[in-house]
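Inspection log for the structure reproduced underneath, given as structure tokens.
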Amino acid sequence: MDKAFRNPIFLTGLPMAICGLAITAPGLWIPGLGLMVVGWAKGNKRA
């Protein structure tokens, strides 16, 4: 997970997911979670 925090895809999805959940906008939090998952998967692959 440590390498995922350095991944720009993960870092782009994180604020999208947080803002989307805060204002209950599925148009933000669903793609944000998707980007976080992709970034997390890529970060774990490099390990």
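The values are calculated or read from the model by the stated rules, or taken from the named source; none is laboratory data. Small disclaimer: the values here were computed from a predicted structure and weren't measured. Protein only, heavy atoms only, side chains kept; ligands, DNA and RNA dropped before computing areas. Shrake-Rupley method; radii C 1.70, N 1.55, O 1.52, S 1.80 Å.
Sort out which residues of segment 1-15 are at pLDDT 90 or above and more than 13 Å from residue 37 (Cα to Cα), and write them in order of number.
Correct list: 15 only.
For segment 15-47, which positions are open to solvent by less than 70 Å² (accessible area, probe 1.4 Å) and not in a helix (DSSP H, G or I)?
25
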